[in-house]
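**Student:** Please read through the structure below; I'll follow up with questions.
The values are calculated or read from the model by the stated rules, or taken from the named source; none is laboratory data. Predicted model, so just to flag it, every value in this text is computed and none were measured. Positions of Cβ are generated from backbone atoms using ideal geometry, with glycine treated the same way; all protein chains shown enter the neighbour counts.
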């Protein structure tokens, strides 16, 4: 069996590298935390930063399949789970920051906040949807669920849309869409790719 | 007008003067150090050069809450003319020119005139007042402002009987204010007060903070502070003051009339359409682990200002 390689790197090495890369945002927070780097409003900083990294990891996870189709680096499929789990990890930190440092575990206040700011409900739904996907991300669950596994994991498209709506709605208060529009464009491109790919393949075969 | 002091201050809570002065010296030392080590020009570019202002504290207008660190006051700002993010104003306001500066006062006044900034600095004795500031977004600070009651300026121009409202028009210079490219609100930024609100002794024509002239990001060289209203009522970098008969439409009323009313009094019982106003986060207070505070009606200045709104439905006139 030939050695498994990803872009020329041994797969195991590539995985370690990606794992360390995925932890960099967390390491940055630790560094900033010890050097008074969170700015005037630490809660806001952590909420926004963890939200950003959730979205980035989610888009990376969604981008792996198109990248694999374009580069024919089939080992990319073996790092997709890690990207997805990092998205869940940062979503968890995002949610924790909100419930802890913004609401101080006051459930009544949280429910009130969700009603008054429905964009939070949208973000929360995206987070909840990520949980079954994370739990069933193992090989064992893949085997057990069979065809239903890929059906279930298509929920990631919904999660992507919910995450963008959550971010969009948050920014709508200031009519400030400069950043969110880029994330939305990337997500739209990645989803469009999935619709177009079969036709691209069919076109190639016809020639 | 009789000004009642808030009743809940016990003498032991008042910072003894030596400690107060020590703190002041420490701050000045730190500022001088910053100037020396980074180099004058770069410093002026990034933070806006400030100079010392001599202003004795006026304890009749001082609350005893812990001050928000100067660093937070000058790096966490809403000043959309320099960008939408809180860090943008400190970053992007370096080229903003505040000398020379004039403020023209016109409209329903007996003596319309234009004040140079030097005249404004001398119009009345400068004093330091420690005020709470509450942003409509749900955060607050405690800031030692320098200035004097707006009433001093108003008396100097002799408003006519028709002057019911005072409109504040602020700077909008596309060359030095990169945020003007965004169309979030209509420029220039305009705010207004009823004339009795503007005449209230608490309403401060503000020329400095922390014993220095205002940094650009905080509204140099002259701004308004109305401590019982949400921060957005306090126009920054004022260029024109107009006395008018009809209630002006402020910039935020034009942008989002359902979210921002004319009065904008701090009121925990009237939620913003998209969030509660019952609590607030005090900036610079023990970081992440400090729970939010309960917001006080009129931001805690009810004893002094509630009478201005007698008989008014503050839900309707929010």
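**Student:** In this structure, is residue A:22 in a loop (DSSP other than H, G, I, E, B) and touching a helix residue (DSSP H, G or I) at 6+ places or on another chain (Cβ under 6 Å)? Write out each step before concluding.
**Tutor:** Working: in a loop (DSSP other than H, G, I, E, B): no; touching a helix residue (DSSP H, G or I) at 6+ places or on another chain (Cβ under 6 Å): yes.
So residue A:22 does not fit the description; no.
**Student:** Further question: Checking the condition over 15 Å from residue A:58 (Cβ atoms), within 14 Å of chain B (Cβ to nearest Cβ) and part of a helix (DSSP H, G or I), which residue from A:178, A:108, A:201 passes? Please lay out each step first, then the result.
**Tutor:** Values: A:178 fails: part of a helix (DSSP H, G or I); A:201 fails: within 14 Å of chain B (Cβ to nearest Cβ).
None of the others qualify; the one that does is A:108.
**Student:** Can you pull out every residue in the range B:268-318 that is closer than 21 Å to residue B:201 by Cβ, touching a helix residue (DSSP H, G or I) at 6+ places or on another chain (Cβ under 7 Å) and assigned to a loop (DSSP other than H, G, I, E, B)?
**Tutor:** Result: no residue meets the conditions.
**Student:** Do we have residue B:156 as in contact with a helix residue (DSSP H, G or I) (Cβ under 6 Å, 6 or more places away or on another chain) and surrounded by fewer than 22 Cβ atoms within 10 Å (Cβ to Cβ) here? Step through it out loud before you land on a result.
**Tutor:** Working: in contact with a helix residue (DSSP H, G or I) (Cβ under 6 Å, 6 or more places away or on another chain): no; surrounded by fewer than 22 Cβ atoms within 10 Å (Cβ to Cβ): yes.
When the stated conditions are applied, residue B:156 does not pass them.
**Student:** Quickly run through the range A:1-41 and pick out the residues that are closer than 29 Å to residue B:288 by Cβ and in contact with a strand residue (DSSP E or B) (Cβ under 9 Å, 6 or more places away or on another chain). Quick ask: steps written out before the conclusion?
**Tutor:** Taking the range A:1-41 first, the residues closer than 29 Å to residue B:288 by Cβ are A:19-41.
Selection gives A:40, A:41.
**Student:** Give the range A:181-198 a look and list any residue that's within 30 Å of residue B:86 (Cα to Cα), without any contact (Cβ under 8 Å) to a residue 40 or more places away in the chain and more than 14 Å from chain B (Cβ to nearest Cβ), or say none. Steps first, answer last, please.
**Tutor:** Narrowing the range A:181-198 to residues within 30 Å of residue B:86 (Cα to Cα): A:181-188.
Imposing the further condition that a residue be without any contact (Cβ under 8 Å) to a residue 40 or more places away in the chain reduces the set to A:181-182, A:184-185, A:188.
A:182, A:184, A:185, A:188 - these are the residues of the range A:181-198 that are within 30 Å of residue B:86 (Cα to Cα), without any contact (Cβ under 8 Å) to a residue 40 or more places away in the chain and more than 14 Å from chain B (Cβ to nearest Cβ).
Residues are listed down the side, and each one gets a yes or a no for (1) farther than 14 Å from residue A:54 by Cα; (2) at pLDDT 90 or above:
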{"residue": "A:155", "(1), (2)": "yes, yes"}
{"residue": "A:160", "(1), (2)": "no, yes"}
{"residue": "A:173", "(1), (2)": "yes, no"}
{"residue": "A:183", "(1), (2)": "no, yes"}
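**Student:** Quick check on the range B:175-188. Is at least one of its residues assigned to a strand (DSSP E or B) and buried (at least 22 other Cβ atoms within 10 Å of the Cβ)? Step through it out loud before you land on a result.
**Tutor:** Residues of the range B:175-188 that are assigned to a strand (DSSP E or B), as a first pass: none.
There is no residue in the range B:175-188 that is assigned to a strand (DSSP E or B) and buried (at least 22 other Cβ atoms within 10 Å of the Cβ).
**Student:** Are there any pairs with C-beta distances below 9 angstrom linking a residue in the range A:33-55 that is at positive phi and facing chain B (nearest Cβ under 9 Å) to a residue that is buried (at least 19 other Cβ atoms within 10 Å of the Cβ) and in a loop (DSSP other than H, G, I, E, B), with the two at least 6 apart or on different chains, and if so which?
**Tutor:** A:39/B:76; A:39/B:86
**Student:** Which one is nearest to the other protein chains (Cβ to nearest Cβ), of the residues in the range B:254-267 that are out of contact with any helix residue (DSSP H, G or I) (no Cβ under 8 Å at 6 or more places or on another chain) and assigned to a loop (DSSP other than H, G, I, E, B)?
**Tutor:** So the first thing to find is which residues in the range B:254-267 are out of contact with any helix residue (DSSP H, G or I) (no Cβ under 8 Å at 6 or more places or on another chain), and the list is B:254-258.
This time we only want the ones that are assigned to a loop (DSSP other than H, G, I, E, B), so: B:256-258.
Values: B:256: 9, B:257: 14, B:258: 12 Å.
Checking each candidate, the answer is B:256.
**Student:** Something else: Scanning the range A:126-137 for residues that are without any contact (Cβ under 8 Å) to a residue 24 or more places away in the chain and surrounded by 11 or more Cβ atoms within 10 Å (Cβ to Cβ), which turns out farthest from residue A:54 (Cα to Cα)? I'd like the intermediate steps shown before the answer.
**Tutor:** Our first condition is that a residue be without any contact (Cβ under 8 Å) to a residue 24 or more places away in the chain; within the range A:126-137, this holds for A:128, A:132, A:135-136.
Subsequent filtering for residues that are surrounded by 11 or more Cβ atoms within 10 Å (Cβ to Cβ) retains A:128, A:132, A:136.
Working: A:128: 14, A:132: 17, A:136: 19 Å.
This residue is A:136.
**Student:** Since residue B:288 meets every condition but one in (1) more than 12 Å from chain A (Cβ to nearest Cβ); (2) closer than 29 Å to residue A:98 by Cβ, which condition does it not meet?
**Tutor:** Against the list (1) more than 12 Å from chain A (Cβ to nearest Cβ); (2) closer than 29 Å to residue A:98 by Cβ, residue B:288 comes up short only on (1).
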